[in-house]
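Scroll down for the structure; my scribbles are underneath it.
What follows draws every value from the coordinates through simple rules; no lab data is involved. Predicted model only: the values in this text are computed from it and were never measured. Cβ sites come from the backbone with ideal geometry, for glycine too, and all protein chains shown count toward neighbours.
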Amino acid sequence: MSSISIVQSDNDATIVQIDPVFCQFTVHAPLGEEIAVPDGALSVNVNYVQLAEAHIAIMISQGHHVQPELPLPPDKPRTALIIRSNGAAEFTGPINAPEDEPIILDALESGWTVVQAGPRLLANGKAVSGENENFDDSVIRQTQQVGIGITSAGKVLIGFVANETAASLGARLLKAGATDAMKCDGGPGFAHLGFAGNIRGTARPQTMLIVSQKT
C-alpha cells in the first residue's frame, strides 16, 4: 500500500490515510501567493490567517517558523499537531505557544513540523468539545470542514466533510480509526483537501500543509 492513500471518498466526505514514517510534512503560508503542490502530494488547509497581519497560531515547518507568525493571546490556547523527524505524530494539549514553550523549543531544535489549529475533536478514543480552547459558535455550524486524526498505529488521517459540524467530522475520523483528532479550517472557500485528482473545497492560498512521500 502507498504511504498516502484514500480510505473513503464520496459526496459527503473524503478521508486520506498517511504513514508519516515515509512522508514529508511541509507547511506553507503564502499570504495570497499560489502554492506549488508536487505531483502525488496531498494538500490541506490547516489554519486561517489574518492576511493583512500574521498567523493566529504557531506554524513550524521542519524546524523553522513559517513567517510571519504570531503567538496566540493568553486567553486563546489551541491544540497543535506535532510531526517528529522520525514520523511519530501526536497532539499537544491546548497551548498559547510562547517562545519558551518546551514543545516549541524542541520542535525548532529537532526539525519537527508543528500545525496549531483546533479545536480538539477526539482524545483517547472519545469525543471532546474543545471548550477550553475558547472557540466561538462557528465550530458548531454545518459547513465544509477539514481535520486531522491520529490512529493507535501512528497513522495520520486527514478528512474533509462537505456539510457537517466539527463534531460530525470527529465522528467520521473516529470511525476511520482515529483515537485523537483536531479540527483545522472550515467554511466555503477555506476548507480544502486535494489528493490524487480528488479535489474537495477551494484551494485558496491560505496556510497549507503539503504531505509528500519521501524520496
Two pseudo-spin positions, 7 Å from Cα along C-beta at residue 8 and at residue 142, lie apart in nanometres by 1.7
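Based on the Cβ-Cβ distance from residue 132 to residue 106, what FRET efficiency comes out when R0 is 22 Å, to the nearest 0.05?
0.45
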Quick one: length gained pulling residue 85 to residue 124 fully straight, 0.36 nm per residue minus the C-alpha distance? 11.7 nm
Going fewest to most other Cβ atoms within 10 Å around each Cβ, 208, 182, 59 line up as 208, 59, 182
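Of the peptides 183-196, 2-15, how do they stack up when ordered by the mean number of other Cβ atoms within 10 Å, highest first?
Listed from highest to lowest mean packing, they are 183-196, 2-15.
Applying a 10 Å radius around every beta-carbon, put 37-47, 105-115 in order of their mean neighbour count, most first. Before the final figure, lay out the partial values.
Numbers: 37-47: 19.7, 105-115: 18.0.
Result, highest mean Cβ count within 10 Å first: 37-47, 105-115.
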Reachable lysines from residue 155, Cα under 22 Å, same-chain residues fewer than 8 places away excluded? 126, 175, 183, 214
Between residue 26 and residue 202, what is 0.36 nm times their sequence separation minus the Cα-Cα distance? Round to one decimal in nm. 61.4 nm
